[in-house]
Amino acid sequence: MMGGLSDRRGAVRPSLEPVGEIKMKTLTALPAATALALVMIASPAIAAPAPAAPPPPAGGYVLDKTHTSVTFRVNHMGFSRYTARFSSVDGRMKFDPAAPATMSVEATIDPLSLELNAPPKGFHDAMTGKSWFNAAAFPAITFRSTRVEVTGANTARVTGDLSLHGVSKPVTLEVTYNGGYPPNSFDPGGARIGFSAHGAFKRSAFGMSMGIPAPGSTMGVGDDVEVMIETEFSSKVPPAAK
């Protein structure tokens with residue numbers, strides 16, 4: 001009898017952990033369990049994607065001069081890429097987000113709006129004179145697209161005719177669509193769309209050969225011209241900047 005009782009008692013091992021500690025652990029676990037339950041309940045709402053913003057509508061758009069920049073750069077004696085810009089640019093676009101290959105764009109630049117970095121006296125006149133842009137004889141630089149080739153979800157290769165210095169040649173721009181929005185209450189310009197673009201061409205192809213280095217030399221101004229464009233278009237003519 002004693003032996004059997006002793007075995008049964010040995011099988012039951014009383015907890016050595018104080019009752020107070022058990023209660024504290026239980027109370028500590030409750031907030032964590034509650035938080036986990038809330039996360040599980042809220043997870044579908046958190047994971048749900050935000051509704052897509054409505055796209056800007058198809059139609060005609062005009063270039064927003066306030067938010068447009070056309071810069072170019074050329075190699076200067078192999079030491080740097082001399083950078084300049086034009087401040088007077090105008091243009092318009094036919095926009096259709098559902099059929100981007102059908103879109104078209106045209107732009108006009110006033111060569112007299114050439115802006116240079118701290119130009120020496122007379123340098124601006126020389127650049128817009130007969131040896132370079134010859135703005136008196138050719139008062140406009142124009143680009144008119146002839147083809148739009150979609151290359152990605154938000155990118156395209158836009159080919160068009162560039163008229164510069166009295167010569168027209170095809171030039172290709174790599175363009176990125178940065179987004180847009182439909183007409184709204186806060187933008188007086190109506191719907192808005194934005195783009196970044198870059199391209200390159202040889203100025204000698206347009207009859208601008210002044211200062212091109214001799215073969216094997218960098219002493220002069222390079223033939224290759226890089227063009228960088230940041231621009232926005234709106235569905236209405238934006239109010240003039242004050």
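Just so it is clear, none of the values below were taken in a lab; they were calculated from the coordinates. Quick caveat, the model's predicted, so the values are computed rather than measured. Please note: Cβ atoms are built from the backbone with ideal geometry, for glycine as well, and neighbour counts cover all protein chains shown.
Counting Lys and Arg as +1 and Asp and Glu as -1, what is the net charge of the other residues whose Cβ lies under 12 Å from the Cβ of GLU106?
Combined, the nearby Lys, Arg, Asp and Glu give +1.
How high is the FRET efficiency between VAL167 and ALA101 when r is their beta carbon distance and R₀ equals 25 Å, given to the nearest 0.05?
0.35
If r is the Cβ-Cβ distance from THR146 to ALA118 and R0 is 30 Å, what FRET efficiency results, to the nearest 0.05?
E(calc), rounded to 0.05, equals 0.20.
What does the charge add up to near VAL150, with Lys and Arg as +1, Asp and Glu as -1, over the other residues with Cβ less than 15 Å from its Cβ?
Charge balance in the 15 Å sphere: -1.
With labels modelled as points extended 7 Å from the Cα through the Cβ direction, what inter-label distance (nm, one decimal) is found for ALA214 paired with SER185?
Result for the modelled spin labels: 7.0 nm.
Compute the separation of the alpha-carbon centres of the stretch 139-195 and the stretch 199-229 and state it in Å as a whole number.
When both Cα centres are located, 24 Å separates them.
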